[in-house]
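I have placed the structure first, in the form of structure tokens, so that the comments after it can refer back to it.
The values are calculated or read from the model by the stated rules, or taken from the named source; none is laboratory data. All of these numbers come straight from a predicted model, not from anything done at the bench. So basically every Cβ, Gly included, is an ideal-geometry build from the backbone, and we count neighbours across all protein chains shown. Accessible surface is based on the protein model in full, side chains and every heavy atom, while ligands, DNA and RNA are left aside. Shrake-Rupley method; radii C 1.70, N 1.55, O 1.52, S 1.80 Å.
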Amino acid sequence: MNKSNILPLLTCFFLVACQTLGTGMAGKASYYAHQYHGRPTASGEPYNMYAMTAAHPSLPFGTLLRVTNLRNGRAVLVRVNDRGPYKAGRVVDVSLAAAEQLGLILPGTAEVRLEVVR
């Protein structure tokens, strides 16, 4: 790829990043845990259910998200390192560690607000 092809791609990337920074999304969150622990994520790193990570369908890997449980007000910071969720109506899957802090373990899902931090 020559240099003239790279500039439009970089411009597009930075425009998308700037447009999403600080913006919020809302929807249903769920979590994934034991059966995926140690398996490769879409980013290539092994899934660690004890890390503060998440799966999102389109945000770039490495994006930091603040996930707030709208039912109890608890919030966590997670890093996107996987793709998903694959169930209709869900906006994010969080790791077991994040789910515990959000209070998702017993109900399994919750309405959340997502905010791109970085």
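Measuring nothing but protein heavy atoms, the accessible surface of the stretch 16-96 at 1.4 Å probe radius is 55 percent carbon and sulfur. Each residue, residue 87 and residue 45, gets one label point 7 Å from its Cα in the Cβ direction; the gap between the two is 2.5 nm. One chain, two ends: residue 77 and residue 109. Fully extended at 0.36 nm per residue, the span grows by 9.8 nm beyond their Cα-Cα distance.
Please compute the net charge surrounding residue 56, taking Lys and Arg as +1 and Asp and Glu as -1 over other residues with Cβ under 11 Å from its Cβ.
Cβ neighbours under 11 Å give a net charge of +1.
In the context of the full set of protein chains, the stretch 39-78 has a per residue accessible area of 51 Å² (1.4 Å probe). Measuring nothing but how far apart in sequence close Cα pairs (under 8 Å, 6+ apart) lie, relative to its length, the stretch 25-118 scores a relative contact order of 42 percent.
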